[in-house]
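The values are calculated or read from the model by the stated rules, or taken from the named source; none is laboratory data. Treat the numbers as computed from the prediction; the structure is a model and nothing was measured. Here the Cβ positions follow ideal geometry from the backbone for every residue, glycine too, while neighbour counts run over all protein chains shown. Accessible surface is based on the protein model in full, side chains and every heavy atom, while ligands, DNA and RNA are left aside. Shrake-Rupley method; radii C 1.70, N 1.55, O 1.52, S 1.80 Å.
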Amino acid sequence: MRQTIAVLLLAGVLAGCNGVSKFDFTTLGRATWQRPEDIVRALALAPGDRVADLGAGEGYFLPYLAQAVGSDGRVYAVEVDSELVGKLEERFREDGATIEVVLGQTDDPELPDGGIDLVLIVNTYHHIEDRPGYFAKLRGDLSPTGRVAIIEPNADLTGLMGLLSEEGHESSGAEIVEEMREAGYRPAESFDFLPVQVFEVFAPEGALAATP
């Protein structure tokens, strides 16, 4: 862990908020600090699952999610930016049987009601204005065992590590838990293997437990 942090600090170059922080980790490769394979493994996705990547950006997580759910599954790539939607459609045109690009709204991801087994939100949570209201409404899109996984720049980082997140583009774990409770969710799982991000998983209150 210490080695990972040291490498991240040495590799940091100031940049804008187009990802996890104001540092550019491209010299390392995003997989080094984002650990997408470990994230997908932790989420225990199964073939046939229906997953939404909320705030999909340029589609970094989509191939990993598509591989996990297989040809019988479905991955919804949700973006509110029409230009990004166009880029996603172009990039994943050949994967249309598994990956469906969705133009969402700022107050509604436009997902099929009751049809989603997992919603994944990476570095997007802080962009949502009325988070309790948004996620309360999102409950209607989840299947009976549906979950919401939030990966967010960690506002609790201190010292040199605190430089790795940009003010206003981060959240604390406690803040996320409080807001999700207000939206009607309970904490389901928490992971601490990401060096600069919070990783929390939630299930609606009263929902059935997902089977790994």
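Numbers at a glance
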| item | result |
| --- | --- |
| For Ala188, residues with placed amide H under 5 Å, excluding near neighbours | Val201, Phe202, Ala203 |
| Percent carbon-and-sulfur accessible area, segment 76-133, ignoring ligands, DNA and RNA, probe 1.4 Å | 41 percent |
| Interatomic Cα distance distribution for segment 41-193, bins of 10 angstrom, percent | 11, 40, 36, 12, 1 |
| Residue order for Tyr134, Tyr125, Tyr64 - accessible surface, 1.4 angstrom probe, largest first | Tyr64, Tyr134, Tyr125 |
| Spin-label proximity, Glu189 to segment 106-134 - amide N less than 13 Å from point 7 Å beyond Cα toward beta carbon | 118-120 |
| Residue-wise HN-Hα coupling along segment 70-81, computed from phi with Karplus coefficients 6.51, -1.76, 1.60 (Hz; x: Gly, Pro) | x, 5, 8, x, 8, 10, 9, 9, 9, 9, 9, 9 |
| Linear extension gain, Asp156 paired with Asp113, 0.36 nm per residue minus alpha-carbon span | 12.0 nm |
| Nearest-0.05 FRET efficiency for Arg30 and Ser71, computed from C-beta distance (R0 30 Å) | 0.70 |
| In segment 88-123, the GluC sites (Glu not before Pro) that fall in loop regions by DSSP, at most 14 other Cβ within 10 Å | Glu110 |
